[in-house]
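Nothing in this text is a laboratory measurement; each read-out follows from the coordinates by a stated rule. Being a predicted model, the structure only gives us computed values, none of them experimental. Methodologically, a virtual Cβ is constructed for each residue, glycine included, from the backbone with ideal geometry; neighbour enumeration extends over all protein chains shown.
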Amino acid sequence: MIKGKRVFNVLVIFGILMTITAICCCQSAAADYEVIVTQEETRDVVMTTFEGGGQNAYINPENDYLIPGTLMYFPHWKTFNQPAVGYTNNPSGAVVAFWVEDDSANVIFDEPVSGISFYYAAYWDINLDAYDDSDTIVGAATGLSNIQPAPVHFSKWDLLELDVGENIITRLQITSGAYYTLIDDFSYWITTVIPPADVVEDTIEDLEELTIPDGAPTWVDGQLENAIEFLEDAQANFENNDNARALQDLSKGVHRLVLIEDEVPGTAEVLDQIIDVTDDLVSSRVENAYLDADSRVDEIRVRLAENMLERAQEYADSGNDFLAMVMYRLAFRIADRV
């Protein structure tokens with residue numbers, strides 16, 4: 001009986017909300033929604049606060065529900081701008097968004113994105129499913145119901161985030177309940193990929209700034225010069241899209257740097273940079289091999305490559321950079337045959 005009374009209370013709140021809405025709202029008109037763009041080191045984040053949206057107004061139906069200045073569409077979503085009626089404490093401004101049809105709603109992206117986040121107040125649990133351009137689920141997340149006691153049930157807002165690590169999300173499906181799920185401050189981000197050649201160029205500059213301590217063995221200077229030369233070769237091969245040769249050059253450079261790591265301060269940090277760019281490159285190649293595999297032989301090669309990649313990452317985590325590079329090269333060579 002308590003549960004039924006709880007539902008009734010929420011229905012009454014929304015009944016009042018929709019009655020006031022019906023009286024107060026005018027025809028939906030194109031609105032300028034507040035959009036905030038933030039450029040971070042590895043991603044560009046775009047957020048709408050929904051400020052500018054009307055009372056019970058569809059989100060820009062004149063332009064296929066697109067939020068101007070963004071890549072996101074909100075088909076069949078509306079906005080509220082009267083927080084005193086049915087909600088409070090939302091993260092920013094006065095306007096929030098909700099949908100009005102079925103238990104699920106979509107957010108569509110003009111270009112693939114790598115992640116999304118938003119704040120929500122929901123009567124039921126809320127489930128997210130992210131889809132790629134082949135309509136395959138590539139990520140999922142769940143937020144628990146955060147409905148609050150009377151007088152204002154929608155007064156607690158929780159952050160829900162989903163990041164799949166690469167720009168492949170083209171549609172987000174949100175499942176909870178029409179009218180009973182409010183959201184605010186919706187963001188998406190696009191991961192910016194720094195070309196390996198640029199990373200290696202920065203690494204070379206870091207190496208050139210290293211200072212060999214007085215009293216270091218005489219051979220250290222030669223090993224440092226050789227390491228820089230191999231990295232310069234790697235940079236050139238990356239620029240020529242010859243990643244296999246570039247990895248070979250990186251491996252040779254790492255071998256020299258490992259020899260002087262204990263002699264020259266700052267070498268360990270440079271090695272970490274090289275391992276990071278190598279891991280990104282090889283992980284991407286192995287993932288593409290998995291997607292490209294179309295025969296039993298290819299599937300075996302992919303499994304071998306994945307195994308080599310895991311071993312490389314284990315060596316890297318344990319600080320054995322030389323063996324890590326050996327395993328990375330093996331993983332890349334195997335994946336390159338798929």
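Against the empirical 2.2 N^0.38 Å scaling, what ratio does the C-alpha Rg of segment 196-335 come to?
Cα-based Rg divided by the globular estimate yields 1.10.
Given H placed on each backbone N at 1.01 Å, which residues far from THR192 in sequence or on other chains put an amide H within less than 5 Å of it?
Residues meeting the amide H criterion: ARG43, ASP44.
Let me know the Kirkwood hydrodynamic radius for the chain, please, with Cα pairs as the basis and the value in Å to one decimal.
Details: mean 1/r = 0.0426 Å⁻¹.
Averaging 1/r across every pair of different Cα atoms and inverting gives 23.5 Å.
Of the listed peptides 43-56, 140-153, what is their order by residue-averaged count of other C-beta atoms within 10 Å, with the highest listed first? Let's see the in-between values first.
Numbers: 43-56: 20.5, 140-153: 14.2.
Sorting 43-56, 140-153 by mean packing, highest first, produces 43-56, 140-153.
Rule-of-thumb check for segment 130-288: C-alpha Rg over 2.2 N^0.38 Å? Walk me through the numbers before you get to the answer.
On the way: Rg = 24.1 Å, N = 159, 2.2 N^0.38 = 15.1 Å.
Scaled against compact globular proteins, the figure is 1.59.
Where does helix 196-208 land angle-wise versus the long Cα axis of the chain, in degrees 0 to 90, nearest 10?
For 196-208 against the chain, the angle is about 60 degrees.
Could you point to the residue in VAL199, THR181, ILE275 farthest towards the positive end of the chain's charge dipole, with +1 and -1 charges on the Cβ of Lys/Arg and Asp/Glu respectively?
Value: THR181.
Under 8 Å for C-alpha pairs, at least 6 residues apart: give me the relative contact order for the chain, rounded to a whole percent.
Values: 659 pairs, mean separation 43.0, N = 338.
That works out to 13 percent.
In sequence order, what are the phi-derived ³J(HN,Hα) couplings for segment 297-306 according to the Karplus relation 6.51 cos²θ - 1.76 cosθ + 1.60 with θ = phi - 60°, rounded to whole Hz, with x for glycine and proline?
With the stated coefficients, segment 297-306 comes to 5, 4, 4, 5, 4, 4, 4, 5, 4, 4 Hz.
So if we plug the beta-carbon distance of GLU209 and THR38 into 1/(1 + (r/R0)^6) with R0 = 30 Å, what FRET efficiency do we get, rounded to 0.05?
Here the calculated transfer efficiency is 0.50.
Could you grab the relative contact order for segment 192-293? Cα pairs under 8 Å, six or more apart, rounded to a whole percent.
32 percent
Roughly how tilted is helix 267-292, in degrees to the nearest 10 and between 0 and 90, from the longest Cα axis of the chain?
So the inclination is approximately 70 degrees.
Give me the angle, in degrees from 0 to 90, between the Cα long axis of helix 243-260 and the longest principal axis of the Cα atoms of the chain, rounded to the nearest 10.
Taking the Cα atoms of the chain, the angle to 243-260 is about 70 degrees.
For LEU144 and THR218, what does the FRET efficiency come to when R0 = 41 Å and r is the distance between their Cβ atoms, rounded to the nearest 0.05?
The computed FRET efficiency comes out at 0.05.
I need the phi-derived Karplus couplings for segment 330-338: 6.51 cos²θ - 1.76 cosθ + 1.60, θ = phi - 60°, integer Hz, Gly and Pro marked x.
For segment 330-338, the Karplus-derived couplings read 5, 4, 5, 4, 5, 4, 5, 8, 7 Hz, x marking Gly and Pro.
Report the full-extension gain for the segment LEU291 to SER134: residue separation times 0.36 nm, less the Cα-Cα distance, to one decimal in nm.
Length gained, LEU291 through SER134: 55.3 nm.
In Å and whole numbers, how far do the C-alpha atoms of segment 258-338 stretch along each principal axis, longest first?
For segment 258-338, the Cα spread along each principal axis is 49, 16, 16 Å.
Can you list the residues, at least 5 places off or on another chain, whose amide H is less than 5 Å from the amide H of ASP242, using H built in the peptide plane?
none
Residue-wise, which Karplus ³J(HN,Hα) couplings in Hz belong to segment 139-144, taking 6.51 cos²θ - 1.76 cosθ + 1.60, θ = phi - 60°, and x for glycine or proline?
Result, ordered by residue: x, 8, 7, 9, x, 7 Hz.
Per residue of the chain, what 222 nm ellipticity follows from adding -39500 (n - 2.57) for every DSSP H run with n ≥ 4, rounded to the nearest 500?
-14000 deg cm²/dmol
Quick one: which residues, 5+ away or cross-chain, put their amide H under 5 Å from the amide H of GLY139? H built at 1.01 Å from N.
ALA130
Which FRET efficiency, nearest 0.05, do GLU62 and ASP276 yield, Cβ-Cβ r, R0 41 Å?
E(calc), rounded to 0.05, equals 0.35.
Going 7 Å from the Cα of ASP198 along its beta-carbon direction, which residues of segment 273-301 have the amide nitrogen within less than 20 Å of the resulting point?
Label zone hits: 273-285.
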